[in-house]
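Read through the structure below, which is laid out as structure tokens, and then see the notes.
The values are calculated or read from the model by the stated rules, or taken from the named source; none is laboratory data. Just so it is clear, the structure is predicted and the values come from calculations on it, not from any experiment. All Cβ positions, even for glycine, are placed from backbone atoms using ideal geometry, and neighbour counts span all protein chains on display.
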Amino acid sequence: MIRLKGIWKRFGELEVLRGLDLEVQRGETLVLLGRSGCGKSVTLRIILGLLRPDAGRVYIDGTDVTDFDERRWVEVRKRMGMVFQASALFDSLTVRDNVAYYLEEHTDLPEERIDEIVAERLEFVGLAGTEDMMPAQLSGGMRKRVALARAMAANPEILLYDEPTTGLDPITARTINQLIRKTQEAYHVTSIVVTHELDSAFAVADRVAVMNGGEIIFVGTVDEVKACEDPFVKDFLMGPTWQEGRALTR
Ligand SMILES: Nc1ncnc2c1ncn2[C@@H]1O[C@H](COP(=O)(O)OP(=O)(O)OP(=O)(O)O)[C@@H](O)[C@H]1O
Ligand SMILES: [Mg+2]
């Protein structure tokens with residue numbers, strides 16, 4: 001459903017992506033793990049066509065979209081929803097207008113139908129009846145759920161989540177993880193979830209991809225990543241504990 005082939009991207013002197021390859025199968029949830037600043041958000045923005053790669057190809061559902069102009073990217077983006085890092089709700093709009101935003105901008109649906117869709121999506125994320133609230137009145141977990149309802153408004157085939165649980169307490173994070181699974185099951189979406197929280201990664205992933213040095217250095221199932229012997233992957237997964245354990249066994 002999504003295929004990145006040999007993607008290079010630099011900002012000035014900083015070479016962020018160095019020939020990155022990634023394939024995401026239709027209907028799966030792939031978790032993208034990596035250190036802060038390694039280029040996870042940049043990768044998502046390339047998939048959304050918000051950033052253009054310096055080299056390499058981007059395929060969406062088998063079509064090479066790399067050289068699409070903005071008009072054609074708008075069409076591609078209609079098939080995608082994005083839950084941005086830090087939710088990125090419009091603070092001056094109600095919950096209803098946030099969730100309805102895309103439908104108001106890009107469809108000719110009558111208001112009553114939009115209201116129905118908004119109500120459905122809010123119910124799906126466990127926030128029925130919050131239409132008239134303002135973002136400032138919502139907790140962090142509620143904001144994430146509104147952001148998901150907004151991303152799902154137009155029935156996307158692809159959902160991209162950037163750090164959906166960062167900054168939430170463990171219980172709220174768990175409800176968001178469950179919601180990501182529930183969304184996949186109910187809507188059969190293809191998802192990429194960017195996170196550096198391992199509990200979340202293991203809870204939602206069909207497969208895990210680990211990024212380092214501008215490349216994907218490992219892709220596999222949760223069990224495979226846990227068994228991976230690559231030193232970077234081990235350090236990343238087990239952190240100081242593994243380091244200490246290794247020091248002790250020396
Ligand atoms: N538009 C931009 N212009 C210049 N530099 C950028 C731009 N976008 C990203 N970068 C740089 O690219 C690098 C990767 O950024 P990115 O946001 O993808 O990191 P990340 O893996 O998402 O990190 P985090 O986990 O902290 O969100 C960073 O060094 C960042 O400063
Ligand atoms: Mg990021």
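I'd like the residue in the stretch 138-164 that is more than 16 Å from ligand 1 (Cβ to nearest atom), part of a loop (DSSP other than H, G, I, E, B) and closer than 14 Å to Ala88 by Cα and, out of all such residues, is modelled with the highest pLDDT.
By that ranking, first place goes to Leu138.
Suppose the filter is in contact with a helix residue (DSSP H, G or I) (Cβ under 9 Å, 6 or more places away or on another chain) and either within 16 Å of ligand 2 (Cβ to nearest atom) or over 29 Å from Leu20 (Cβ atoms) (or both); does Glu157 pass it?
For Glu157, the condition - in contact with a helix residue (DSSP H, G or I) (Cβ under 9 Å, 6 or more places away or on another chain) and either within 16 Å of ligand 2 (Cβ to nearest atom) or over 29 Å from Leu20 (Cβ atoms) (or both) - is not met.
Please verify whether the stretch 20-37 includes one or more residues that are within 14 Å of ligand 1 (Cβ to nearest atom), of a type in the set (A, V, I, L, M, F, W, C) and closer than 17 Å to Arg79 by Cα.
No, the stretch 20-37 contains no residue that is within 14 Å of ligand 1 (Cβ to nearest atom), of a type in the set (A, V, I, L, M, F, W, C) and closer than 17 Å to Arg79 by Cα.
What pairs come up if the first residue lies in the stretch 22-44 and is touching a residue at least 40 places away in the same chain (Cβ under 8 Å) and more than 15 Å from Phe236 (Cα to Cα), the second is among the polar types (S, T, N, Q) and near ligand 2 (Cβ under 9 Å from one of its atoms), and their beta carbons are under 7 Å apart, counting only those six or more places apart or on different chains?
These pairs meet every condition: Ser41/Gln85.
Determine whether Ala147 is under 15 Å from the mean Cα position of the chain (by Cα), surrounded by fewer than 15 Cβ atoms within 10 Å (Cβ to Cβ) and within 16 Å of ligand 2 (Cβ to nearest atom).
On the way: under 15 Å from the mean Cα position of the chain (by Cα): yes; surrounded by fewer than 15 Cβ atoms within 10 Å (Cβ to Cβ): no; within 16 Å of ligand 2 (Cβ to nearest atom): yes.
So Ala147 does not fit the description; no.
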